[in-house]
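Participant: This is the structure I want to talk about, given as structure tokens.
Every number here is computed from the coordinates shown, using simple stated rules; none is lab data. The shown structure was predicted, so the numbers you read here are calculated from the model rather than taken from an experiment. Every residue, glycine as well, gets a Cβ built from its backbone with ideal geometry; the counts of neighbours run over all protein chains shown.
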Amino acid sequence: MQECYFKRTISYKPNLWVIVFSLLTCLAEMMMGGSLAFPAEKGKIEMEMKKLLPLEVGGYRSDGKDQLYDRLTTFRYMDGAAELYRSYGFKQLRVRRYLKENQPPILVELFDMGSSEDAYGVFSFETEGEEAGIGQGSDIGGGLLRFWKGRFFVHVYAEQETASAMEVISELGKAIARFIQQEGQKPALLSLLPREGLIERSIRYLYHPHHLNDHYFVSHENILNIGPQTKAVLATYLSPPARDKTFLFLTQYSTPGQSKKAYQSFVKTYLPESPSSGIAQTENRKWTAARSDQRYVIIVFDAPSGEKAEGMIQATQKGLKEKRR
Amino acid sequence: MKKRKVITRRDFLRGTVYTALGTSLGVGTSFNKSEALAEEKVKVVLIRNEEVIDRQGQIRQEVVQQMLDQGVATLLDEKDPVETWKKLLKPTDIVGIKSNSWHTLPTPKELEEAITRRILDAGVPKEKMSIDDRGILNNRVFRDATALINVRPLRTHHWSGVGGCIKNYIMFVSTPWLYHSDSCSPLATIWNKPLVKGKTRLNILSLIRTQFYGRGPHSFDRRFISDYRGLLIGKDPVALDAIGARLLQLQRIAHFGEDRSLDTTPKHVFMADQKYKLGVSDVNRIEVIKVGWMEGSLI
């Protein structure tokens, strides 16, 4: 088992409870995501990640002081921001700083997310910039380049935004994307989304209720029982003729029983006036509809009409039916 | 047992969310303002200086020192900066300066240096003081500290709404992720831990540059950084964070023309007051003493 963060930080004062708690927490981490690597695997990942980062680009050279973090130690590097990566299957982070005289430093953060689905997921969290044509999906803006390829998610930015730094950021991104040879699949759940009106860059793949709320606030409580054992996707649609935004949230549970329970919890809290139909006009005069379909729960928010909400649910169910064939 | 109110998007649409949130936080809906005003006010000092950032965007050490000296002296009703710090610290104190090293917007090193200088002036030996953030649990000075100075920049934060004084102590626990639930509402409990309890002599929020908006956990975005050129200084971390949260809100309104909501409501600030009694979050009970250049101060 890998060395635990706790052992290093509290070792000055051995305490049985601390040791027991540390072991339990580490065990829980392994059970939840299976993502704490064993030493041999960890070493292998470290070597592989090292090879993915160039030593020099555009006159910028690595400062030779790479930093490595795992699921537990990454809090030291980015504090609470680590929660996003931890809510996916994050395994390791390698941070490399590039320097050039009289130029702002450039920082690369290379995340091994454990799977391409999770690399895509963490990438999909924020796509407010422009596509840069790097890797399997990218986003550039505000001096920051983000992209994913295979099981890796990459974050490149300059400490000050200058035209030349932006060029190097782009060049660095392309070099790293070239070094990552294996591409990966997007989450299968995405293929179930109806295509009509879908805004492709609005798709968010997530496992955490907080991340649903980041993009579409539903409730302070986890009324849909979203968690590590569920897979969920939120997508935005433009509905003609007014081109209002409608949101579709699709969650896959482990069992039909869990799906039904989540559906009932949602309807009871969010649509209490429609416990049997699961469809209602909300205070903004738009429509919300929900349905449980075997292991899935489909919810449409802010549809312009009840018929439109129902139509989107049926279109999603059609996709589910085809998948089961 | 009273059933807990679940807040949904529909509460916002109905406009009932503030009542709902107030109830869930344990804030009485029949809040009596005159009663609050009768209570003693908490004092915080807002000091600003236009010259603290030069034309090249560099922070000027000597101006930061002046701002710190004047701000702390105002807070403690003193004139001489050295005497002021002698009121805060004894030469026998062991002093930890809990800073913040978030690489994109850290505590300015100029501010760290200004604080260090005054701690030395107060007679604390150099080897009895330390500045640290992420290594504090392994830092002997922090383990043995008799006094803490809490200093960090003000910014929005993905999990807690606002990254301020209360949140800056999260590195005093080895399991920070256990404090991220429910919008980080339990953060104030860290202030009750033996390493921390009763030791904080001064809190300083650096407003030299603030980040007033951000999306997502990495959340650094230069478009939403403001050169506010100020310091907010006080003894009550909750009061500082409450004023800080209000400032960030006003900066968002000024920038976007609307009150654009954060990823998370800074619930932990209110919880620190209402539940954990760490300080005062009601802005009606906070007296902001303004010193220096106040153009565009918003507060």
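Participant: What do you get for trypsin sites (Lys or Arg not before Pro) in segment B:152-212 restricted to DSSP loop and a cutoff of at most 12 other Cβ within 10 Å of the site's Cβ?
Facilitator: In loop regions of segment B:152-212 (DSSP not H, G, I, E or B), the sparsely surrounded trypsin sites (Lys or Arg not before Pro) are B:K197.
Participant: Right, here's the next one. Just the Cα atoms of segment A:35-179: what Rg and Dmax do they give in Å?
Facilitator: That works out to 14.3, 43 Å for Rg and Dmax.
Participant: Taking the Cα centre of segment B:81-155 as origin, sum charge times position over the Cβ atoms of Lys and Arg (+1) and Asp and Glu (-1), and report the length of that vector in debye to the nearest 20. Before the final figure, lay out the partial values.
Facilitator: Details: 14 positive and 10 negative charges, 29 e Å.
Magnitude of the dipole: close to 140 debye.
Participant: Could you give log10 I(q)/I(0) at q = 0.15, 0.16, 0.17 Å⁻¹ for chain B, computed by the Debye formula over C-alpha point scatterers of equal weight, without solvent?
Facilitator: Debye intensities relative to I(0), on a log10 scale: -1.23, -1.40, -1.58.
Participant: Select from chain A the helices, each a whole stretch of DSSP H, whose alpha-carbon atoms run 24 Å or more along the helix axis and whose Kyte-Doolittle mean is at least 0.0; answer none if there are none. It would help to have the intermediate numbers written out before the result.
Facilitator: On the way: long enough: A:16-33 (26 Å, 1.92); A:163-179 (25 Å, 0.68); A:306-324 (27 Å, -1.35).
Helices meeting the criterion: A:16-33, A:163-179.
Participant: What 222 nm value per residue comes from the helices of chain A, counting each DSSP H run with n ≥ 4 as -39,500 (n - 2.57) and dividing by all residues, nearest 500 deg cm²/dmol?
Facilitator: Calculated mean residue ellipticity at 222 nm is -11000 deg cm²/dmol.
Participant: Report the percentage of all Cα-Cα pairs in segment A:188-324 whose separation exceeds 23 Å, rounded to a whole percent.
Facilitator: Details: 2296 of 9316 pairs.
Of all Cα-Cα pairs in segment A:188-324, 25 percent lie more than 23 Å apart.
Participant: Do any trypsin sites (Lys or Arg not before Pro) in segment A:216-319 lie in a DSSP loop with no more than 11 other beta carbon atoms within 10 Å, and if so, which?
Facilitator: The qualifying sites are A:R243, A:R285.
Participant: What stretch of chain B, leaving out the sites themselves, is the longest with no GluC sites (Glu not before Pro) in a DSSP loop having at most 13 other Cβ atoms within 10 Å?
Facilitator: Result, exposed sites excluded: B:41-257.
Participant: Could you work out the relative contact order of chain A, using alpha carbon pairs under 8 angstrom and six or more residues apart, expressed as a whole percent?
Facilitator: Numbers: 585 pairs, mean separation 34.3, N = 325.
Computed value for chain A: 11 percent relative contact order.
Participant: Within 10 Å of each candidate Cβ there may be at most 12 other Cβ atoms; applying that plus a DSSP loop requirement, which GluC sites (Glu not before Pro) in segment A:106-144 survive?
Facilitator: Passing sites in segment A:106-144 are A:E128.
Participant: Mind checking which of A:T236, A:S277, A:Y205 is farthest towards the positive end of segment A:188-324's charge dipole, using Cβ charges of +1 (Lys, Arg) and -1 (Asp, Glu) about the Cα centre?
Facilitator: A:Y205
Participant: With the convex hull built on the Cα atoms of chain A, state its orientation-averaged projected area in nm².
Facilitator: That works out to 20.0 nm².
Participant: Moving on. What are the radius of gyration and Dmax of segment A:152-215, computed over its Cα atoms and given in Å?
Facilitator: Cα-based Rg and Dmax for segment A:152-215 come out at 16.3, 42 Å.
Participant: OK, next. Give me the percent of Cα-Cα pairs in the protein assembly as shown that sit more than 44 Å apart, rounded to a whole number.
Facilitator: I get 23 percent for the Cα pairs in the protein assembly as shown exceeding 44 Å.
Participant: Helix-derived [θ] at 222 nm for chain B: sum -39500 (n - 2.57) over DSSP H runs of at least 4, divide by residue count, nearest 500?
Facilitator: Calculated mean residue ellipticity at 222 nm is -9000 deg cm²/dmol.
Participant: Here is a follow-up. Given the C-alpha centroids of segment B:263-277 and segment A:273-317, what is the distance between them in whole angstrom?
Facilitator: 35 Å
Participant: Name all residues of segment B:105-125 having a backbone nitrogen under 14 Å from the label point set 7 Å from the Cα of B:K86 along its Cα→Cβ direction, giving them as ranges.
Facilitator: Hits in segment B:105-125 for B:K86 at 14 Å: B:119-124.
Participant: Could you let me know the centre-to-centre spacing of segment B:41-61 and segment A:196-257, using Cα atoms, in angstrom?
Facilitator: The distance from the Cα centre of segment B:41-61 to that of segment A:196-257 comes to 43 Å.
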